[in-house]
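The values are calculated or read from the model by the stated rules, or taken from the named source; none is laboratory data. Everything numeric here is computed off the predicted structure, so don't read it as measured data. Because the Cβ atoms are built from the backbone with ideal geometry, glycine has one as well, and the counts that use them run over all protein chains shown. Areas reflect the complete protein model, heavy atoms only, side chains present, ligands, DNA and RNA absent. Shrake-Rupley method; radii C 1.70, N 1.55, O 1.52, S 1.80 Å.
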Amino acid sequence: VSPPPRSTGPAAAPCRLCGAETEHALFVTDRNRGLGSDRFEYRLCRSCGVTSMPSVPENLADYYASDGYGSVGDVEVPRLVEGERQKLELLASHAPGRTMIEIGPGPGMFTRVAQRSGFEVTAIEMDDRYCRELQARLGVRAIQSDAPARTLPELESSATIVMWHVIEHLAEPWEVLRACVSRLEPGGVLALSTPNPQSLQFRMLRRHWAHLDAPRHLQLFPHSTLRSGLERLGLRHLRTTTTDQVGLDCNRLGWEFALRVNPSRHRSNFLTMKGSWWLMKAAAPVEHRRLAGSTYTTVFQLPLARS
Ligand SMILES: [Zn+2]
């Protein structure tokens, strides 16, 4: 008989983001990667609506071991490049210039696509190896930092700032968003993507949902929370989608991981791949409606003259 899993965080705790009262949402272990047996609690804030862990796990670094995000030198897969191109398209026409700060580029798949469209990218990346590769292979100015809120103020202001699937990993997301807004040129564009706690999948799958990715995802923002917070910081909402190619791929992955009994130990087989495809088709009428998809990409702009 194995010992009961350890629980993190007090039984009731204020929201880590806004300090308001929370209610229990769910307990979960690292289902996706199985890097430890700790059990983590997520709580739902009654005020800001964010689903989050009440405190950042002390041993969080253990759950980032053996990452599998690829390498800057990897051969480009046309389908993945197309997904990145669609993301760039969402923001490029609004950008007042061709400078870009990318937070958390990892192996730089999006970075390369942006460079090819003429963007001059500065990267803030926590992984030392990725920083060296981005610099050596792509000629990107890469700053090694796991504290973007402290690094951003040292940079020149930028026409665009992007963070793809980063905000959910940050211990102090609002500090980083505030720093982003302070580094935007007038007319500058901030774009980000993140898992969607109001998605059909999270409502149905809960702790079996791949995009919860506990404990690496410290919080899940409803789009309305992010939007009202960024509007208070002076940004204007431009557009939000859940059905760009990356969003649709995230939907399929969510169903696939739900069908896998133990995703961290067993790869997908023919049945789980086929099953996830059918589930994706069956769910599409609901999942493709606005903001029911498993992740969303959203774009904001700093007005030319601050009102
Ligand atoms: Zn809150």
Check your understanding: What is the sum of charges around Ala92, taking Lys and Arg as +1, Asp and Glu as -1, for the other residues whose C-beta is under 14 Å from the C-beta of Ala92?
Key -> 0
Review point. Given the protein chains as shown and a 1.4 Å probe, how many square angstrom of His169 are accessible, to the nearest 10?
Key: 40 Å²
Review point. Once the dipole of the chain is set up with Lys and Arg at +1 and Asp and Glu at -1 on Cβ about the Cα centre, which of Leu17, Leu233, Gly49 lies farthest towards its positive end?
Key: Gly49
Exercise for review: Give me the compactness ratio for region 211-307, meaning the Cα radius of gyration over 2.2 N^0.38 Å.
Suggested key: 1.35
Exercise for review: Work out the charge dipole of region 38-114 with +1 on the Cβ of Lys and Arg and -1 on the Cβ of Asp and Glu about the Cα centre, then indicate which of Pro96, Val113, Ala65 is farthest towards its positive end.
Suggested key: Pro96
Practice item. Within 10 Å, count the other beta carbons around each residue, average over each peptide in 129-140, 264-275, and list them highest first. Key: 129-140, 264-275
**Study point:** Residue-normalised accessible area of the chain, given per residue in Å² at a 1.4 Å probe
**Key:** 47 Å²
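When the helix-only estimate is applied to the chain (DSSP H runs of n ≥ 4, each -39,500 (n - 2.57), divided by the residue count), what is the mean residue ellipticity at 222 nm, nearest 500 deg cm²/dmol?
Computed ellipticity for the chain at 222 nm equals -9500 deg cm²/dmol.
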Check your understanding: Ignoring any ligand, DNA or RNA, what whole percent of the accessible area of the chain comes from carbon and sulfur when the probe is 1.4 angstrom?
Key -> 53 percent
Review point. Alpha carbon centre of region 66-104 versus region 251-300: separation in Å?
Key: 22 Å
Check your understanding: Residue farthest toward the positive end of the dipole of region 187-307, with Cβ of Lys/Arg at +1 and Asp/Glu at -1: which of Leu259, Ala283, Met273?
Key -> Leu259
Revision key, fill the gap. Neighbours of Leu212 by Cβ distance under 9 Å: Lys/Arg at +1, Asp/Glu at -1, summed charge +2
Check your understanding: Given charges of +1 on the Cβ of Lys and Arg and -1 on the Cβ of Asp and Glu, with all other atoms neutral, how large is the dipole of the chain about its Cα centre, in debye to the nearest 20?
Key -> 880 debye
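What are the semi-axes of the equivalent ellipsoid for the chain, taken as the square roots of 5 times the Cα gyration tensor eigenvalues, largest first, in whole Å?
29, 23, 20
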Exercise for review: Sticking with the crude label model, points 7 Å out along Cα→Cβ, report the distance from Arg141 to Ser117 in nm, one decimal please.
Suggested key: 2.1 nm
Revision key, fill the gap. Between the modelled labels at Leu26 and Arg265 (7 Å from Cα along Cα→Cβ) the distance in nm is 2.1 nm
Review point. Counting only DSSP beta bridges with both residues in the chain, what percent are antiparallel, rounded to the nearest 5?
Key: 55 percent
Exercise for review: Please list 198-205, 34-41 highest first by mean number of surrounding beta-carbon atoms within 10 Å per residue.
Suggested key: 198-205, 34-41
Review point. Ranked highest first by average number of other Cβ atoms within 10 Å, how do 76-88, 287-299 line up?
Key: 287-299, 76-88
Check your understanding: What is the gain in length, in nm to one decimal, between Ala171 and Ala305 on full extension, counting 0.36 nm per residue of separation less the C-alpha to C-alpha distance?
Key -> 45.1 nm
Practice item. Under 10 Å from the Cβ of Thr240, count the other residues' Cβ atoms, weight Lys and Arg +1, Asp and Glu -1, and hand me the total. Key: +3
